[in-house]
Every structure is written in structure tokens, then in C-alpha cells.
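A short worksheet on the structure shown next.
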Amino acid sequence: MAIEVAKVELKSVQDAAGLEECIRNGRFAADEVVAVIGKTEGNGGVNDFTRILADQAFRAVLLKLGKRSAAEVKAVPMVWSGGCDGVITPHATIFARNARTGPQDRDRLVIGTAMSPTILPEDIGRPAMVEKVAEGVRRAMRAAGIDDPRDVHYVQTKTPLLTIDSIQDARRRGQTVACEVHDSMGVSNGTTGLGIAVALGEIAMPKAEQICKDFDLYSSVASCSSGVELDAAQIVLLGNKAGAGGRYRIGHSVMRDALDIDGIYAAIRDAGLELPERPRAEDLEGRLVNCFMKCEADHRGTLRGRRQIMLDDSDVHHHRHAKAAVGGVAAAAIGDPAVFVSVDAMHQGPHGGGPVIAIVDLGE
């Protein structure tokens, strides 16, 4: 069951023309689409409606051009990350599954999706959420046909965050929450990162007091987003499997800090492209489909020994500083500003850095 991958630009908030063109041109059928991961141009915050608008536009195309029911189309995982600060171009990466297979001695991209058990408001930031996410990741591994966690290179999630309504719901049931609304996006992402790390054997089950506190605990393949759109962890897991067929392979590494361009090239090499010792964007020769990365400001307020002021800026949130900076480094590395860069990287890669995932086209 080979995976086809396509990256399309979003020319407006509700633009799904790139998806429609791929379907009409026969690159894949509407009913073969199994996941979408994209960047939208909103503020990236709790009230970022651009994620919902993009989601509606893409699902409308799948419904119009395919034979799946509205309920089946609604179940297709679509992870939208808001905020295209700096040079980042709004875009979407589309994953479709077909019936082709390949040689058993050649590993290629596979994908598995799953939903975790329902995550309650009082679970966010606590061990219960770690356990529920880990259970969902294991389900996604089984769906992908992957037995060895070392073959997993990317776990993209979308999880719930807190709203005033959900906090009040918890209180009516006699429960407390771990944080306030505007902290809950980072807390949800960080707790999810730990759940991924536990499921893949990267760390042992953390103690309650380590969650969102001990930054030495992290997953090197996690990319976690959160929003108001759902009440469970939506999981898209990608890895390599022998005999999968297709043209694509995936790899990963980490950026040790916001300037670690070598971490980006390390992920591309891990995916299967041979590069010179000091690579440039031109060396990719169009074979890189996309890079996916997480980042955030280093809470120590330094970068390679130099003082940083993004955490002190009261006018521009440090998320926007970090995203724009890493987006520029990534765009320069790969020669394309349509790159997936998301913030709130707590427990996702080393402190001040983040995971980097690369998908490459190795040909038939």
C-alpha cells in the first residue's frame, strides 16, 4: 500500500485548488487521501479561525470529487498549524494511499492514523493525558504496520486545549485543571510530546512533577499542535516499512538550536538522500518533498552564548519570533519557503531546538 505525497500552496485561506488539481490530474483519487498536514496564515493562537476555514475547504473537495460519505470524509485526519510568520508560505502536504507494493528489500514511506481515547479538560498537563496519547500512538503504529519504534520518524498530532467552557465543565464535575486557557496550548503540546516519547520507548513514563518542567525529557520525532476543534488526540504517524512500495522515504534528526542548519540536512540524509559534506539547497535537486519541524525560544534567553530578547518582547510574542527565525533558516536550507515550522516545542526535541523530519522522493 504505497503512499503518494504532494505539497500544494494555499493561495488564500480557503484555497483548496491545489488538492483539486492533484485529483483531477490523476495523481491520486479523492478517496485515496488519508491525511493532510498544513500551515495556515492566521495568528496561530486559540482563536485562529484560518485552521477551520482551510479544513472545511479541503474536506469539501474530498466530498465533491470522491465517493466517501460526509462522516468518512470528516474522519480523515487534517492537522492545520496556524501562523506563517516571516517568510513561511501557507501550504499543505497531502498524503494518499494506493494499492501499489514494492520489493521487500526496499523500505518506503507508510502512514498510520488513529484517535486517542477522549482527553478531558482535567487530563491536560497530567499523566492521564500522557497515557492516553501513548495508547493512541500505539494504535497508529499498528495501523501503519510498523512493529519497531525505530522505524517511526514522524508523529504529528492535534490535541484539545482548554477554553473557558471546558474549564467550567471540569469544575461542575468537581475537577481541577492544570493551567489557564492561554497556557494550555503549550501544555497540551508538551504533554502530548511526552506521550509520544513513552509510546516509542524514548523515555520512561514521567512523573507528574516532570510534565512541562523537565526539558531533558523529549521525543525526537514529535510535532504537536493543539486547538479547539476536537476532544481527543488526532494522530498521524509516519515511518518506513519494507515492501511498502512508492517513491518516498522519511527520516529525522533534531535541531540543537534555532541556527542548527546541519540538523536539517541530517534529517534529509537520514531519509535517504546523499549530500556533500557542506550541502546547499541546490544539492537537493528537487527531491525533497518537505521538511517538518518544531521550535521555540530557549527559555534561558541565550543563543550560542549571545543574549536573546524575544522572551522580553511585550509587543511581539516569542512564538512569532522563533517561528520566523527558524522558518528563515529552513527556507534557506531547502530553497523553499513552503516549509512546515510550528512552535510550542516543549518536550519535542532538545530545549531551544526541536525535531526535524524530512520526506524525500527516491524515484521508482
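The values are calculated or read from the model by the stated rules, or taken from the named source; none is laboratory data. Given the structure is predicted, the values throughout are model-derived calculations rather than measurements. Cβ sites come from the backbone with ideal geometry, for glycine too, and all protein chains shown count toward neighbours. Calculation scope for accessible area: heavy atoms of the full protein, side chains included, ligands and nucleic acids excluded. Shrake-Rupley method; radii C 1.70, N 1.55, O 1.52, S 1.80 Å.
Quick notes on this structure:
- The set of residues in segment 165-174 being more than 24 Å from GLY193 (Cα to Cα) and not basic (Lys, Arg) consists of ASP165, GLN168, ASP169, GLY174.
- Subset of segment 197-216 that is closer than 25 Å to HIS317 by Cβ and among the hydrophobic types (A, V, I, L, M, F, W, C) - its residue that is most open to solvent (accessible area, probe 1.4 Å): PHE215
- Filtering segment 227-242 for residues that are open to solvent by 20 Å² or more (accessible area, probe 1.4 Å), part of a loop (DSSP other than H, G, I, E, B) and either out of contact with any Ser or Thr (no Cβ under 8 Å at 6 or more places or on another chain) or within 19 Å of TYR154 (Cβ to Cβ) (or both) leaves a non-empty set.
- Candidates ALA144, ALA140, filtered to the one that is small (Gly, Ala, Ser), more than 22 Å from GLU229 (Cβ to Cβ), modelled with pLDDT of 95 or more and buried (at least 22 other Cβ atoms within 10 Å of the Cβ): ALA144
- Yes/no for GLU209 being without any contact (Cβ under 8 Å) to a residue 40 or more places away in the chain and in a helix (DSSP H, G or I): yes
- Remark: GLY193 falls outside the filter, which requires a residue to be under 16 Å from GLN348 (Cα atoms) and either more than 15 Å from the chain's Cα centre (by Cα) or open to solvent by 30 Å² or more (accessible area, probe 1.4 Å) (or both).
- Scope segment 105-137; condition of a type in the set (Gly, Ala, Ser), surrounded by 18 or more Cβ atoms within 10 Å (Cβ to Cβ) and out of contact with any Leu (no Cβ under 6 Å at 6 or more places or on another chain); matching residues: ALA114, SER116, GLY125, ALA134, GLY136
- Hits in segment 147-157 (condition: open to solvent by 10 Å² or more (accessible area, probe 1.4 Å) and in contact (Cβ under 8 Å) with a residue 60 or more places away in the chain): ASP151, HIS153
- Summed over segment 172-188, the residues that are surrounded by 13 or more Cβ atoms within 10 Å (Cβ to Cβ), outside any loop (DSSP other than H, G, I, E, B) and modelled with pLDDT of 95 or more give a count of 2.
- Residue in segment 79-96 that is within 14 Å of PHE340 (Cα to Cα) and of a type in the set (D, E, K, R) present: yes
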